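Enquirer: Please see the structure below; I have some questions.
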Amino acid sequence: MRNRHSVLFSSVIAATLLASTQAYGESEHFGKTADGQDVEVYTLKNESGAIVKLITLGATLTEMHVPDKDGKSADVVLGFDDVAGYQSEDNQYFGVTVGRVANRIAKGKFSLNGKDYTLAVNNEPNHLHGGVKRSLDKVIWKAKEVKTKLGVGVRFTYTSPDGEEGYPGKLNVSVTYILSNNRNSVRISYTAKTDQPTPVNLTNHSYFNLAGAGSKTVLGHTLTIAADKYTPTDDTLIPTGKIESVEGTDLDFREPTRIGKRIKSLDDTAAIGYDHNYVLTRQDVKAGELAVAARLRDPKSGRILVVRTTEPGIQFYSGNFLKDQKGKGGKAYAHRSALCLETQHYPDSINHPNFPSVVLKPGETYKHVCVYSFTAK
Ligand code: GAL
């Protein structure tokens, strides 16, 4: 039999080792919405130098501090210092959870089970990012701290009533962010359940600048996207329904390419830059498992972001509509000074039977995982 003291000793060592590598979380009051609702902020930290902040308004990622190649930390996502900023016209979905259906639905119309639905047209002539007043980015979510083997985090939940923003069915949604204990990686896991068939396509809308939020441009960043194909769009950014090869186009990011290299040729397109859905290759990766979707590197800071997802698509948006609005610390966010890599199903899938379906039925569970991992070298 082992000596009682040695058992005690080894468990003390184990507990100390665990404590020294474990991330922790805490919450504080962030502010009040215009109609007087409280917004809480959660802070997560780990032993590899990352700090993440999340708020209950829109289940939003507001800060992501990660070290550069010399160990110097910077916040690499756009956002605001207060609730008023997040509720202002200047907020172009910074860090929010987007839904019920991220991206565009043509003319805000779709049919499901023989019934026609009309949604708000909030991006002429289309519906964008789930609606106007009660889309998932604009509501207050319940929050609870979670601890897993991977790290600590926050689980946000929200119940969207039947008919909210014109969508059918009562939808129970959860979004869980976990900051890894020993890697600078944030895992975002989504689930949803419904009591009527309804379209669901959730995503996170973080804007990244790996040199630090508020740096002038992302055109010097190098991007790789694991996609041979994309979904071409019309001049209102609605997919034509075709799936085409990126070969020989300015959209080809199969090899690491500087974002600014060819962007000029897209100046006069409807997207005014990159704003395209890529069909992820997911070679040899089973449905439901994570595949690498994109890799972004800022040559100066050496920071690298790798995006992995279970989803079939990724929207690469090069911050074309940023308009010099003032964000955190009063810094201005200029045209193309940050970019989004939004893992999701293809835009307007509900009107394209040849695209993977976004319809969730009663008894099914919507599941989506996206991991943003940061390193530097
Ligand atoms: C992106 C979308 C852009 C733009 C942006 C918000 O997800 O692809 O076209 O609407 O959100 O300003």
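Enquirer: Here are 261, 286, 300: which of them is surrounded by fewer than 19 Cβ atoms within 10 Å (Cβ to Cβ), of a type in the set (Lys, Arg) and in contact with a Gly (Cβ under 9 Å, 6 or more places away or on another chain)?
Expert: So the residue among 261, 286, 300 that is surrounded by fewer than 19 Cβ atoms within 10 Å (Cβ to Cβ), of a type in the set (Lys, Arg) and in contact with a Gly (Cβ under 9 Å, 6 or more places away or on another chain) is 300.
Enquirer: Any residue that is aliphatic (A, V, I, L, M) and closer than 20 Å to residue 79 by Cβ - is there at least one of those in segment 343-360?
Expert: no
Enquirer: On the basis of being open to solvent by 60 Å² or more (accessible area, probe 1.4 Å) and either under 24 Å from residue 186 (Cα atoms) or free of Cβ contacts under 8 Å to residues at least 40 places away in the same chain (or both), does residue 363 make the cut?
Expert: Yes: the conditions hold for residue 363.
Enquirer: I've got another one for you. Out of the residues in segment 304-358 that are open to solvent by 40 Å² or more (accessible area, probe 1.4 Å) and within 16 Å of residue 105 (Cα to Cα), state the one that is farthest from the ligand (Cβ to nearest atom).
Expert: Selected residue: 353.
Enquirer: Check segment 163-172 and report whether any residue there is crowded, with 20+ Cβ neighbours inside 10 Å, away from the ligand (no atom under 16 Å from the Cβ) and in a strand (DSSP E or B).
Expert: yes
Enquirer: Identify all residues within segment 42-55 that are within 17 Å of residue 147 (Cα to Cα) and free of Cβ contacts under 8 Å to residues at least 60 places away in the same chain; write none if there are none.
Expert: Scanning segment 42-55 gives 43, 51, 53.
Enquirer: May I ask you to say which residue of 132, 175 is of a type outside the set (Gly, Ala, Ser), in a strand (DSSP E or B) and in contact (Cβ under 8 Å) with a residue 24 or more places away in the chain?
Expert: 175
Enquirer: Then there is this: Of all residues in segment 52-80, count the ones that are in a loop (DSSP other than H, G, I, E, B) and either within 16 Å of the ligand (Cβ to nearest atom) or in contact with a strand residue (DSSP E or B) (Cβ under 9 Å, 6 or more places away or on another chain) (or both).
Expert: 11
Enquirer: Scan segment 76-96 and report the pairs whose first residue is in contact (Cβ under 8 Å) with a residue 40 or more places away in the chain and whose second residue is within 15 Å of the ligand (Cβ to nearest atom) and assigned to a helix (DSSP H, G or I), with Cβ atoms within less than 6 Å and a gap of 6+ or a chain change.
Expert: Here the result reads 80/86, each pair linking segment 76-96 to a residue that is within 15 Å of the ligand (Cβ to nearest atom) and assigned to a helix (DSSP H, G or I).
Enquirer: Cβ-Cβ under 7 Å, sequence separation 6+ or interchain: first residue in segment 280-291 and more than 11 Å from residue 308 (Cβ to Cβ), partner part of a loop (DSSP other than H, G, I, E, B). Which pairs?
Expert: Taking only residues 6 or more apart or on different chains, the pairs are 281/226; 288/310.
Enquirer: Here's a follow-up. Output the number of the condition that residue 206 fails; it satisfies all remaining conditions of (1) assigned to a loop (DSSP other than H, G, I, E, B); (2) within 30 Å of residue 72 (Cβ to Cβ); (3) away from the ligand (no atom under 15 Å from the Cβ); (4) out of contact with any helix residue (DSSP H, G or I) (no Cβ under 9 Å at 6 or more places or on another chain).
Expert: (3)
Enquirer: Shifting gears a bit: Determine which member of the set 120, 102 is small (Gly, Ala, Ser), out of contact with any Phe, Trp or Tyr (no Cβ under 8 Å at 6 or more places or on another chain) and open to solvent by 20 Å² or more (accessible area, probe 1.4 Å).
Expert: 120
Enquirer: Give me the residue from segment 81-96 that is touching a His at 6+ places or on another chain (Cβ under 8 Å) and of a type outside the set (Phe, Trp, Tyr) and, out of that set, farthest from the ligand (Cβ to nearest atom).
Expert: Per the criteria, the residue is 95.
Enquirer: Is it true that some residue in segment 258-277 is in contact with a strand residue (DSSP E or B) (Cβ under 6 Å, 6 or more places away or on another chain), within 16 Å of the ligand (Cβ to nearest atom) and of a type in the set (Asp, Glu)?
Expert: Scanning segment 258-277 turns up at least one residue that is in contact with a strand residue (DSSP E or B) (Cβ under 6 Å, 6 or more places away or on another chain), within 16 Å of the ligand (Cβ to nearest atom) and of a type in the set (Asp, Glu).
Enquirer: Within 16 Å of the ligand (Cβ to nearest atom), on the phi > 0 side of the Ramachandran plot and buried (at least 18 other Cβ atoms within 10 Å of the Cβ) - does that describe any residue in segment 131-151?
Expert: Yes, segment 131-151 contains at least one residue that is within 16 Å of the ligand (Cβ to nearest atom), on the phi > 0 side of the Ramachandran plot and buried (at least 18 other Cβ atoms within 10 Å of the Cβ).
Enquirer: Select from segment 75-91 the residues that are open to solvent by 50 Å² or more (accessible area, probe 1.4 Å) and farther than 15 Å from residue 132 by Cβ and list them in ascending order.
Expert: 81, 82, 84, 90
The values are calculated or read from the model by the stated rules, or taken from the named source; none is laboratory data. The structure presented is a predicted model; accordingly, all values stated were derived computationally and were not measured. Cβ sites come from the backbone with ideal geometry, for glycine too, and all protein chains shown count toward neighbours. In case anyone asks, the SASA skips ligands and DNA or RNA and just uses the protein heavy atoms, side chains included. Shrake-Rupley method; radii C 1.70, N 1.55, O 1.52, S 1.80 Å.
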